[in-house]
Amino acid sequence: QVQLVESGGGLVQPVGSLRLSCAASGGTFNIYHMGWFRQAPGKQRELVALITENGDTFYADSVKGRFTIPRDNAKNTVYLQMNSLKPENTAVYYCNAHRGTFNSWGRGTQVTVSS
C-alpha cells in the first residue's frame, strides 16, 4: 500500500510561487493516478490538479495557467508548482494516490498566502 508524505508548504506573499512535493513509498508509484487537493477553513476539500499514470493532466478552473502537476516516476514523487499565488489559495494541501478502489492520502501541508 503506497504511503504519501507532503512537503514544501509555508508562508508566501501574493503573486509569489511555491512548489509542493509528495513522496510516495511502499508501492509501485507509476501505476497510480496522482492528485493534489486542498481544504480551506470552513470549506470542503476540493480537487486542484490531477495527473494520470499516462501523464494526462487535469486542473481546476481556478488554477489553470498558474499551477502545474509534474511527476517524476524515477523519484516516486509528484509536485505541485504554484505560481501567481493568491490569498484565496490559502489552504491545507493534500496529496492523493488512487487506482481502482485503492485510495491513499497524505497528512497535508499548510500553504498560507499573505502579505
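The values are calculated or read from the model by the stated rules, or taken from the named source; none is laboratory data. Quick caveat, the model's predicted, so the values are computed rather than measured. Cβ: placed from backbone, ideal geometry, glycine included. Neighbour counts: every protein chain shown. SASA here: full protein model, heavy atoms, side chains in, ligands and nucleic acids out. Shrake-Rupley method; radii C 1.70, N 1.55, O 1.52, S 1.80 Å.
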Filtered residue count, the range 88-104, keeping only those that are over 21 Å from Gly42 (Cα atoms), under 14 Å from the mean Cα position of the chain (by Cα) and either of a type in the set (Ser, Thr, Tyr) or open to solvent by 40 Å² or more (accessible area, probe 1.4 Å) (or both): 2
Elements of type strands (runs of 3 or more DSSP E) in the range 35-87, at least 1 residues being open to solvent by 80 Å² or more (accessible area, probe 1.4 Å): 46-51, 57-59
Pair list, Cβ under 8 Å, 6 or more apart: the range 59-79 residue in contact (Cβ under 8 Å) with a residue 12 or more places away in the chain and closer than 16 Å to Gln3 by Cα, other residue assigned to a helix (DSSP H, G or I) and not aromatic (Phe, Trp, Tyr): Asn73/Asn30
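Could you check, for the range 32-41, whether at least one of its residues is of a type in the set (A, V, I, L, M) and touching a Ser or Thr at 6+ places or on another chain (Cβ under 7 Å)? Let's see the steps before the verdict.
Keep residues of the range 32-41 that are of a type in the set (A, V, I, L, M), which gives 34, 40.
Now restrict to residues that are touching a Ser or Thr at 6+ places or on another chain (Cβ under 7 Å): 40.
Yes, because at least one residue in the range 32-41 is of a type in the set (A, V, I, L, M) and touching a Ser or Thr at 6+ places or on another chain (Cβ under 7 Å).
I need a count of the residues in the range 13-34 that are open to solvent by 40 Å² or more (accessible area, probe 1.4 Å) and within 18 Å of Asn83 (Cβ to Cβ). Write out each step before concluding.
First pass over the range 13-34, keeping only residues open to solvent by 40 Å² or more (accessible area, probe 1.4 Å): 13-15, 17, 19, 23, 25-26, 28, 30-31, 33.
Restricting the remaining residues to those that are within 18 Å of Asn83 (Cβ to Cβ) gives 13-15, 17, 19.
Count: 5.
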